[in-house]
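K.L.:
One structure is given below, represented as structure tokens, and several questions about it will come after.
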Amino acid sequence: MHITQLNGECLLHLFSFLDKDSRRNLGRTCRRLLVVFREPSLWPLLRFHSPSELTKGNFVLGAALRCLSIRWHSSRVKVCNVEDWLKSAFQRDICSTHEHTVNDFLLQVCQRCPNLLALSLSGCGHITDEAVASLLQSCSFLKTLQLENCVRISDRTLEAAALHADSLQKLQVDFCRNVTRAGLQRFREKRPAVTLKAERSADMIPDQKPGNNWMSERAAKKLLWY
């Protein structure tokens with residue numbers, strides 16, 4: 001019996017055991033399997049571990065997506081967490097590429113994944129307050145938002161969560177150095193029912209433009225930290 005002779009339900013079950021690359025490769029073999037690969041219900045969970053994975057075309061974004069995890073920990077990605085004025089030209093080029101990749105991907109999530117329930121972002125140095133605010137407005141059923149070591153995230157994300165995330169039950173902002181204690185307190189006052197976790201965020205050294213008298217000492221500490 002040939003695989004294409006199986007009914008749609010069996011093919012979906014078979015695809016569910018495969019990783020993203022295997023699903024894509026199998027889908028390229030014939031039209032019948034390509035239809036299965038593109039079936040939105042096959043993709044309720046997506047995990048990514050590097051910026052390059054966002055452009056591989058081995059996944060489908062759709063209304064069935066419930067959980068999305070983007071967790072980057074490679075040494076090249078860590079460069080993105082350093083302030084721009086401390087980067088070399090080569091490092092800025094890397095970060096520029098990552099930034100465009102991330103922004104394009106998150107725009108697609110906003111447009112195609114309105115039923116997202118859980119979002120986890122870790123080590124994503126180019127995730128901005130504006131991007132998260134757009135996600136919160138587009139994905140109104142979001143219950144869990146986890147942000148870890150996302151250096152561009154600030155109190156504005158907390159304000160957007162308090163304003164737009166009506167379904168939110170848990171908010172985690174760990175090691176986000178531009179989140180302040182005052183911002184955390186305001187969120188707690190506005191949304192007391194939401195479980196809020198913020199490990200080290202309010203105790204880290206926030207970003208500042210160069211020129212302060214204490215900048216050299218601060219920069220040295222931040223480079224040692226990363």
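K.L.:
Holding the Cα-Cα limit at 30 Å, pick out from 20/87; 20/170; 20/197; 56/143 the pairs that are longer than that.
P.N.:
As for pairs spanning more than 30 Å Cα to Cα, those are 20/87; 20/197.
K.L.:
Charges at C-beta only: +1 for Lys and Arg, -1 for Asp and Glu. How large is the resulting dipole of the chain about its Cα centre, in Debye rounded to 20?
P.N.:
Roughly 280 debye, rounded to the nearest 20.
K.L.:
Starting at the first residue of segment 43-60, write each ³J(HN,Hα) from the Karplus equation 6.51 cos²θ - 1.76 cosθ + 1.60 with θ = phi - 60°, in whole Hz, x for Gly and Pro.
P.N.:
10, x, 9, 9, 10, 10, 10, 7, x, 4, 5, 6, 10, 7, x, 10, 8, 10
K.L.:
Output the 0 to 90 degree angle, nearest 10, between the alpha-carbon long axis of helix 155-164 and the longest principal axis computed from the alpha carbons of the chain.
P.N.:
Roughly 50 degrees, rounded to the nearest 10.
K.L.:
Scan [x] 16.0, 49; [y] 22.3, 74; [z] 20.0, 75 for the value of Rg and Dmax of the Cα atoms in Å calculated from this model and give just the label.
P.N.:
From the options [x] 16.0, 49; [y] 22.3, 74; [z] 20.0, 75, the structure gives [z].
K.L.:
Once the dipole of segment 1-146 is set up with Lys and Arg at +1 and Asp and Glu at -1 on Cβ about the Cα centre, which of 90, 36, 7 lies farthest towards its positive end?
P.N.:
Of the options given, the answer is 7.
K.L.:
With point charges of +1 on the Cβ of Lys and Arg and -1 on the Cβ of Asp and Glu, referenced to the Cα centre of segment 84-192, which listed residue (136, 122, 183) lies farthest in the positive direction of the dipole?
P.N.:
Of 136, 122, 183, it is 183.
K.L.:
Out of the DSSP beta bridges found with both residues in the chain, what percent are antiparallel (nearest 5)?
P.N.:
That works out to approximately 0 percent antiparallel.
Each value in this text was obtained by applying a stated rule to the coordinates, not by laboratory testing. Note that this is a predicted model, so its numbers are computed, not measured. Neighbour counts run over all protein chains shown; Cβ positions are idealised from the backbone, glycine included.
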